[in-house]
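Working notes for the structure below.
The values are calculated or read from the model by the stated rules, or taken from the named source; none is laboratory data. If you're wondering where the values come from, they're calculated on a predicted model, not measured in any experiment. Cβ placement follows ideal geometry from the backbone for every residue including glycine, while neighbour counts extend to all protein chains displayed. SASA here: full protein model, heavy atoms, side chains in, ligands and nucleic acids out. Shrake-Rupley method; radii C 1.70, N 1.55, O 1.52, S 1.80 Å.
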Amino acid sequence: MDLTKTSIDKNTNAEIMLDEIKVFAPATVANVGCAFDILGFALHNIGDEMIFRKTEKLGITIISKGLGNLPTEPKKNVAGVVAIEMLKDKNMQFGIEIEINKLINPGSGMGSSAASASGAAFGINKLFGWNYNSHELVHFAMQGEKLASGAEHADNVAPAITGKFALIRGYNPLDMIEIDAPKDLYCTIIHPQIEIKTIEARKILPKEIALKNAVIQWGNVAGLISGLYQSNYELIGRSMKDIIIEPVRADLIPDFYELKNAAIQAGALGCSIAGSGPAVFAFSKGETIAKAVKHAFNDTYKNNGISYHLFVSKICDQGARLMD
Ligand code: HSE
């Protein structure tokens, strides 16, 4: 498989950069229960496809296809903003066309804007043969998130670049840690077909929290990270408790607590809101339980009049990547 998307000049044996590449940018789940704004993971086979083309005409052209009605003015488009930032950083002019085939619903909680932002950072870096590392790519992608959500959070864009779990230990400067997923960890997702804008779901959050709640929350975050490193599924489950953000946002998601109870009854380790919702995710040990959780989600939602999609996925090792 041609991973670098270069081809070889048969006469000179020199590498030629291709003028067009196709990128897969994965969906992601952020927060992972208690770890608001600092932890996320990448999903398998759910994501956007993006094509990057060099153009003779200088500037950025956006073509929007698929779901949502994305703005095509570069300054108003998440991928466009990332391209503008990269161009500024290189202090050079270039011509680029970005075709976004949006397959992740905007406002789903599954990292739709992060996929566009990360795909753009990764794709532009590859197209021009630049050598930005993953920290730098995340930094660029965060500018896209800022446009979409009003905040430079990296808990979706980091795993969308690196795959696995990505922990943001600090933002100033960006300090990012990749964590392998325990091998039997599965994620089940229900995506009710309603839109929740992250920017709105952030406005309703408390600005301050009580110290006694902070103690409970950071105990759970530490437990969750320890559970991931130790592949201790039981510890992961009992640490996935969010007493600060989830209770406020639960009201935005019809039948959230019914979904959560059904998942736990079906054997899930834990269940919470994916990002800012409306998608809800549950972790399970093994595919059999993850599929039972999918049935439980289905039974909970099938008669409430809201359309929905269901997914079962392992945690993907890879972030944004080239497609054949
Ligand atoms: N951490 C962000 C939030 C993720 O919860 O607002 C948004 O997908």
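Which residue is farthest from the chain's Cα centre (by Cα), if the candidates are limited to region 149-161 and must be of a type in the set (A, V, I, L, M, F, W, C) and within 13 Å of the ligand (Cβ to nearest atom)? Ranking the qualifying residues of region 149-161, first place goes to Ala151. In summary, helices (runs of 4 or more DSSP H) completely within region 227-307 and bearing 2 or more residues that are aromatic (Phe, Trp, Tyr) occur at 256-265, 287-301.
Among the residues of region 272-310, just one is touching a residue at least 60 places away in the same chain (Cβ under 8 Å), open to solvent by 50 Å² or more (accessible area, probe 1.4 Å) and either under 17 Å from Gly163 (Cβ atoms) or among the small types (Gly, Ala, Ser) (or both), namely Ser307. Note on region 19-42: among residues that are closer than 24 Å to Ile243 by Cα and β-branched (Val, Ile, Thr), the one that is surrounded by the fewest Cβ atoms within 10 Å (Cβ to Cβ) is Ile38. Only one entry of Lys164, Lys203, Lys146 meets the criterion of being of a type in the set (D, E, K, R), farther than 19 Å from Ile245 by Cβ and within 16 Å of the ligand (Cβ to nearest atom), and that entry is Lys146. Return yes when Ile189 is among the hydrophobic types (A, V, I, L, M, F, W, C), assigned to a strand (DSSP E or B) and either under 23 Å from Ala120 (Cβ atoms) or not assigned by TED's automatic domain parsing to the domain that holds Gly107 (or both) and no when it is not. The answer is yes for Ile189.
Annotation for region 66-89: no member residue is touching an Asp or Glu at 6+ places or on another chain (Cβ under 7 Å), assigned to a strand (DSSP E or B) and touching a residue at least 24 places away in the same chain (Cβ under 8 Å).
Which residues, counting only those in region 206-247, are hydrophobic (A, V, I, L, M, F, W, C), within 14 Å of the ligand (Cβ to nearest atom) and surrounded by 19 or more Cβ atoms within 10 Å (Cβ to Cβ)? Explain how you work it out, then say what you get.
Quick first cut of region 206-247, residues hydrophobic (A, V, I, L, M, F, W, C) only: 209-211, 214-216, 218, 221-222, 224-225, 228, 235-236, 240, 243-245.
Subsequent filtering for residues that are within 14 Å of the ligand (Cβ to nearest atom) retains 221, 244-245.
Passing the criteria: Val221, Ile245.
Out of the residues in region 188-200 that are more than 15 Å from the ligand (Cβ to nearest atom) and within 16 Å of the chain's Cα centre (by Cα), which is farthest from Ile273 (Cα to Cα)? Only one residue tops the list, namely Thr188.
The C-beta contact set for region 98-109 (first residue farther than 18 Å from Ile21 by Cβ, second residue assigned to a loop (DSSP other than H, G, I, E, B) and of a type in the set (Val, Ile, Thr), distance under 6 angstrom, 6+ apart or interchain) comprises Gly107/Ile196.
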